[in-house]
Amino acid sequence: MASTTDIPDWTFAEVGLPYSFASPPVVKPEHYAFMYERSPIVNVDKIKTPTLLLIGECDRRVPPSEGYGLYYVLKGRGGVDIRWVSQWVFSSVVFVKSPNRNSAVELKAYPDIGHALDSMDAETYGFEALSNFFLEHVVDTERK
């Protein structure tokens, strides 16, 4: 992410590496290794809960490839059953559930939207997705 974000200084600061605005560093293999060791993807096998990813396709802060990468790793852990796929005018929705983990990973991607997900459509569909996700995975679980 350090070489594809519009805020590379943040990626360096987040892991405790020095960054100079006067002379920005070239990202070297040792930087990538250091950042990877501190990345959330290192702990992906510990994720046991349902996961909802809302992604702006034009996000320059957190490149969409980061969210898609997490999605495909979670999906690829085995036992994934695609329950439904829907194409909307304003977003793509993919919902998958893994019977082996008794949890789900859901991804909503918003074309032409950046990091804030702040268009009327993204806010509307994002709120709807979040509400439905909580109703299915939190409220239903508490009732059982």
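All of the numbers you see were taken from the coordinates with simple rules; none came from a lab. Fair warning: this is a prediction, and the values are worked out from it, not measured in the lab. Positions of Cβ are backbone-derived with ideal geometry, glycine not excepted, and every protein chain shown enters the neighbour counts.
One table, with the values for the structure above:
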item	result
Long-range amide H partners of I113 with built H, under 5 Å	E57, C58
Backbone HN-Hα couplings from phi across segment 109-119 [Karplus 6.51/-1.76/1.60, Hz, Gly and Pro as x]	10, 10, x, 6, 10, x, 4, 6, 6, 10, 7
Other-chain or far-sequence residues with amide H under 5 Å of T51's (modelled H)	A104, V105, E106
Hz values of 3J(HN,Hα) by residue in segment 37-54 - Karplus curve (6.51, -1.76, 1.60), Gly and Pro given as x	4, 10, 7, x, 5, 4, 9, 4, 5, 8, 6, 10, 9, x, 10, 10, 10, 10
Pairwise label distance in nanometres, S65 with L135, each label 7 Å out on the Cα-Cβ vector	3.7
Cα-only Debye scattering, segment 1-75: base-10 log of I(q)/I(0) at q = 0.12, 0.19 Å⁻¹	-0.38, -0.89
Karplus (6.51, -1.76, 1.60) ³J(HN,Hα), θ = phi - 60°, over segment 55-64, in Hz, Gly and Pro reported as x	10, x, 5, 10, 5, 9, 7, 10, x, x
